[in-house]
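Presented below is the structure to which this report refers.
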Amino acid sequence: MSELKTRDRVADEYKWDLTTVFKSDEDWQKSFDALASSAQDIKKYEGKLSESSENLACCLLDREDLMVETYKLYVYANLKKDEDTANSVYQGMADKVSGLAVKCTSAVSFIEPEMIAMGQDKVNTFIGENDKLKIFGHQVDDLFRQQKHVLSADKEELMAKASEIGDAAYNIYGMINNADMVFAKAKDEKGDEHEVTLGRLGSLMESTDRTLRKNVFYSGIDSYIARKNTIAEAYNFSVKNDLFKASVRNYESSLDAALSNFNIPKEIYKNLIDTVGDNLHLHHRYMELRKKCLNYDELCMWDMIVPMVENADTFMNWEDAKTNVTEGLAALGKEYQDLVKKGFNEGWIDVYENKGKRSGAYSWGSYGMPHPYVLMNYDDTISDMFTLAHEMGHALHSYYTHENQPSVYGSYTIFLAEVASTVNEALLMNHLLNTTTDKTKYNYLLNYFIQQFIGTFFRQTMFAEFEMTTHEMAEQGKPLNSESLNKAYYDLCKKHYGPGVVIDEKAAYSWSRVPHFYRAFYVYQYATGFAAAMAFSKKIREEGAPAVEKYLNLLKSGSKDYSINLLKEAGLDMTSPAPIKEALSIFEDLLDRFEKANFS
């Protein structure tokens with residue numbers, strides 16, 4: 001592999017174009033200064049919301065304007081920072097706007113306590129007599145649903161000011177993981193060395209060279225082990241922060257607090273873990289199938305993503321990836337396809353890895369921006385093509401939401417987000433399976449689909465169980481340190497992977513490589529979203545236009561209602577374990593098809 005380029009050596013056609021947001025960093029600074037000087041103006045409404053419906057309407061509308069501008073500044077600074085996380089200029093901008101965001105949040109912290117003090121009847125009376133308040137109806141209902149968890153105005157202001165400190169563990173881990181983490185080069189079976197980076201880990205671990213995979217695995221894990229106590233302490237305080245916020249806001253547990261924000265029943269979380277747990281024989285069966293395909297006596301942790309199909313060409317250049325993604329999403333209609341092409345051609349995407357660039361992939365944007373942006377670390381693989389489809393699912397979800405909802409409902413829960421991204425992957429997979437004539441390539445794609453289940457459904461469920469376990473440990477007063485966290489993760493690995501996989505002592509440190517753990521009770525939504533996406537993609541393929549219309553309406557809905565209700569409107573009831581069971585049934589069918597194609 002060639003050495004990574006510095007940011008200035010990457011061609012502009014492979015960079016996102018942020019000049020459509022702010023023409024320059026100087027323009028950003030002007031907007032920052034203007035907002036900083038006016039952020040406290042909203043305090044003029046403090047103590048006056050109950051005086052008239054006009055006061056309440058103007059205050060809520062001004063809050064929307066304030067938060068939209070704050071978030072626009074915040075997103076721009078962090079997009080620039082993610083281009084090169086070692087760039088001190090953008091580190092400084094991100095830090096500044098983070099501080100300003102805290103001040104703005106603090107400035108508006110009086111609003112909800114005052115509205116609660118007014119009482120829901122009076123607020124609803126104001127909504128009835130002032131048309132400008134009507135868009136806030138669902139937000140008001142949600143506020144009073146969570147009334148007992150809203151603090152007094154002075155305490156809310158204090159919590160807002162303390163939020164930056166509460167995010168310290170997440171930010172510290174991010175700097176360790178993205179800016180400071182250095183991996184040793186890994187040798188292959190011929191003795192040649194390969195540069196190991198976060199962005200390259202995935203493609204290296206897909207190599208058919210088992211010596212290289214093993215050395216890459218240990219190159220990665222050894223770097224985390226060298227920082228084991230620091231990372232464990234960061235996670236410990238991240239969990240303590242979750243417990244603190246839950247306690248202060250009168251929740252029974254940190255899990256209740258996390259799910260309450262979006263009105264997600266706790267049963268959904270536990271049903272996922274229990275239903276998958278009751279069917280782990282399917283996961284174990286897959287591991288035995290993998291061992292058989294690879295013809296190994298023992299299956300190790302570095303054997304988990306290498307393709308089970310030999311001699312398959314997994315190379316996928318950027319141009320072909322764009323073509324395949326566009327064609328694969330034809331089932332969603334021409335309008336959707338045209339928006340995908342717009343994203344490819346008009347500077348939405350930052351394509352390739354460069355030195356210091358944030359690892360992974362994401363889609364991010366805000367009101368006030370012309371469109372969302374997508375960060376990639378594209379490395380010319382089929383896997384990266386599916387990541388592109390995934391992130392464009394997020395991007396178009398944001399685009400449709402921003403075009404159809406006011407800013408108050410302009411976000412959407414992760415519970416819904418992972419549906420939009422995974423539907424794209426499922427439709428692309430179906431397209432490729434239907435159009436691929438090469439048997440080896442077909443088997444590879446079938447294998448890849450199985451791997452999606454493993455990575456997004458089974459693995460994320462295991463992660464969700466780890467989060468639930470560690471938070472329960474903390475709530476019971478048990479210590480969270482490198483030793484206890486390793487044991488918890490090791491036990492889950494043995495349970496989920498089954499007896500056919502060797503889990504060594506170092507593999508137990510793998511929990512420390514998961515940044516999502518610093519946003520508690522987040523990853524379960526990948527698994528539930530995956531199950532929902534399987535259902536929607538099937539409806540879209542089988543029912544055509546009526547199902548597409550319902551699905552696109554879901555994408556346009558933002559957060560105008562609770563996620564569970566929006567999914568029901570689109571034809572899917574996630575409060576039932578049925579979608580989880582159906583996903584498991586689909587997985588079992590894939591195993592049957594793969595075994596028949598390769599061993600009959």
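For segment 230-249, which residues satisfy the criterion of being in contact with a helix residue (DSSP H, G or I) (Cβ under 6 Å, 6 or more places away or on another chain) and of a type outside the set (S, T, Y)?
Correct list: I231, A232, A234, F237, V239, N241, D242, L243, A246, R249.
Kindly evaluate G199 against the criterion of being at pLDDT 95 or above and farther than 30 Å from D142 by Cβ. Quick ask: steps written out before the conclusion?
Details: at pLDDT 95 or above: no; farther than 30 Å from D142 by Cβ: yes.
In short, no.
Is there any pair linking a residue in segment 455-482 that is closer than 26 Å to D303 by Cβ and touching a residue at least 40 places away in the same chain (Cβ under 8 Å) to one that is among the polar types (S, T, N, Q) and surrounded by fewer than 16 Cβ atoms within 10 Å (Cβ to Cβ), with Cβ under 8 Å and at least six apart or on different chains, and which?
S482/N229
Considering segment 44-58 alone, what residues qualify as being surrounded by fewer than 13 Cβ atoms within 10 Å (Cβ to Cβ) and either part of a helix (DSSP H, G or I) or within 37 Å of the chain's Cα centre (by Cα) (or both)?
Selection gives K44, E51.
In segment 59-83, which residue that is among the hydroxyl-bearing types (S, T, Y) and farther than 28 Å from K5 by Cβ is surrounded by the most Cβ atoms within 10 Å (Cβ to Cβ)?
Selected residue: T70.
Could you list, in sequence order, all residues of segment 37-65 that are in contact (Cβ under 8 Å) with a residue 24 or more places away in the chain and under 17 Å from H402 (Cα atoms)?
Across segment 37-65, the qualifying residues are L61, E64.
With (1) in contact with a Gly (Cβ under 7 Å, 6 or more places away or on another chain); (2) assigned to a helix (DSSP H, G or I); (3) surrounded by fewer than 20 Cβ atoms within 10 Å (Cβ to Cβ) as the list, and A86 as the residue in question, which single condition is left unmet?
(2)
If we only count strands (runs of 3 or more DSSP E) wholly inside segment 293-381, which ones have 2 or more residues that are of a type in the set (A, V, I, L, M, F, W, C)?
Once the strands (runs of 3 or more DSSP E) in segment 293-381 are filtered for at least 2 residues that are of a type in the set (A, V, I, L, M, F, W, C), what remains is 349-352, 373-378.
For residues that are assigned to a helix (DSSP H, G or I) and modelled with pLDDT under 95, scanning just segment 202-216, find the one that is nearest to L299 (Cα to Cα).
M205
Those residues that are surrounded by fewer than 21 Cβ atoms within 10 Å (Cβ to Cβ) and within 18 Å of L18 (Cβ to Cβ), I need them from segment 333-343; list them, please.
Result: K342, single match.
Test each condition in (1) over 20 Å from Y551 (Cβ atoms); (2) surrounded by 13 or more Cβ atoms within 10 Å (Cβ to Cβ); (3) modelled with pLDDT of 95 or more for R358 and report the one that comes out false.
(3)
Within segment 259-281, is even one residue within 30 Å of D592 (Cβ to Cβ), part of a helix (DSSP H, G or I) and of a type in the set (K, R)?
Yes, some residue in segment 259-281 is within 30 Å of D592 (Cβ to Cβ), part of a helix (DSSP H, G or I) and of a type in the set (K, R).
Take the residues in segment 150-166 that are over 26 Å from the mean Cα position of the chain (by Cα) and in a helix (DSSP H, G or I), then tell me which one is nearest to G119 (Cα to Cα).
A153
Of I225, I176, which residue is among the aliphatic types (A, V, I, L, M) and not assigned by TED's automatic domain parsing to the domain that holds L299? Write out each step before concluding.
On the way: I225 fails: not assigned by TED's automatic domain parsing to the domain that holds L299.
I176 is the lone residue from the list that is among the aliphatic types (A, V, I, L, M) and not assigned by TED's automatic domain parsing to the domain that holds L299.
Pick out the one residue from L446, L432 that is in contact (Cβ under 8 Å) with a residue 24 or more places away in the chain, surrounded by 15 or more Cβ atoms within 10 Å (Cβ to Cβ), touching a Leu at 6+ places or on another chain (Cβ under 6 Å) and assigned to a helix (DSSP H, G or I).
Exactly one residue qualifies, and that residue is L432.
Among the numbered conditions (1) of a type in the set (S, T, Y); (2) over 24 Å from the mean Cα position of the chain (by Cα); (3) closer than 30 Å to Y551 by Cα, tell me where T314 comes up short.
In the conditions (1) of a type in the set (S, T, Y); (2) over 24 Å from the mean Cα position of the chain (by Cα); (3) closer than 30 Å to Y551 by Cα, T314 misses (3) alone.
Residue by residue, here is whether (1) under 30 Å from H496 (Cβ atoms); (2) touching a Pro at 6+ places or on another chain (Cβ under 7 Å); (3) assigned by TED's automatic domain parsing to the domain that holds E69; (4) in contact (Cβ under 8 Å) with a residue 60 or more places away in the chain holds:
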site: G360; (1), (2), (3), (4): yes, no, no, yes
site: P372; (1), (2), (3), (4): no, no, no, no
site: A389; (1), (2), (3), (4): yes, no, no, yes
site: M392; (1), (2), (3), (4): no, no, no, yes
site: E418; (1), (2), (3), (4): yes, no, no, yes
site: S421; (1), (2), (3), (4): yes, no, no, yes
site: E425; (1), (2), (3), (4): yes, no, no, yes
site: L428; (1), (2), (3), (4): yes, no, no, yes
site: T436; (1), (2), (3), (4): no, no, no, no
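Report every pair of residues separated by at least 6 positions or lying on different chains whose Cβ atoms are under 9 Å apart, first residue within segment 493-521 and without any contact (Cβ under 8 Å) to a residue 24 or more places away in the chain, second of a type in the set (S, T, N, Q) and part of a helix (DSSP H, G or I).
E505/N486; A508/N486
Determine whether L584 is under 24 Å from the mean Cα position of the chain (by Cα), hydrophobic (A, V, I, L, M, F, W, C), surrounded by 14 or more Cβ atoms within 10 Å (Cβ to Cβ) and more than 22 Å from D274 (Cβ to Cβ).
Judged against the criteria, L584 is not a match.
Mind checking whether some residue in segment 95-117 is within 30 Å of the chain's Cα centre (by Cα), closer than 30 Å to V351 by Cα, part of a loop (DSSP other than H, G, I, E, B) and of a type in the set (D, E, K, R)?
No - not one qualifying residue is present in segment 95-117.
Can you run down the residue pairs with Cβ atoms below 6 Å, 6 or more apart or on separate chains, where the first is in segment 531-545 and closer than 16 Å to F453 by Cβ and the partner is surrounded by fewer than 19 Cβ atoms within 10 Å (Cβ to Cβ)?
Hits for this filter: M534/I586.
Out of the residues in segment 167-196 that are among the aromatic types (F, W, Y) and in a helix (DSSP H, G or I), which is nearest to T85 (Cα to Cα)?
Only one residue fits best here, namely Y173.
Of the conditions (1) closer than 17 Å to S421 by Cβ; (2) β-branched (V, I, T); (3) modelled with pLDDT under 90, T575 satisfies every one except a single condition; which number is it?
In the conditions (1) closer than 17 Å to S421 by Cβ; (2) β-branched (V, I, T); (3) modelled with pLDDT under 90, T575 misses (1) alone.
Of the residues E425, E475, E418, which single one is crowded, with 21+ Cβ neighbours inside 10 Å and either touching an Asp or Glu at 6+ places or on another chain (Cβ under 9 Å) or closer than 21 Å to F521 by Cβ (or both)?
Only one candidate qualifies: E418.
The values are calculated or read from the model by the stated rules, or taken from the named source; none is laboratory data. For clarity, every value in this text was computed on a predicted model and none was experimentally measured. Quick reminder, even Gly has a Cβ in these numbers, built from the backbone with ideal geometry, and neighbours come from all protein chains shown.
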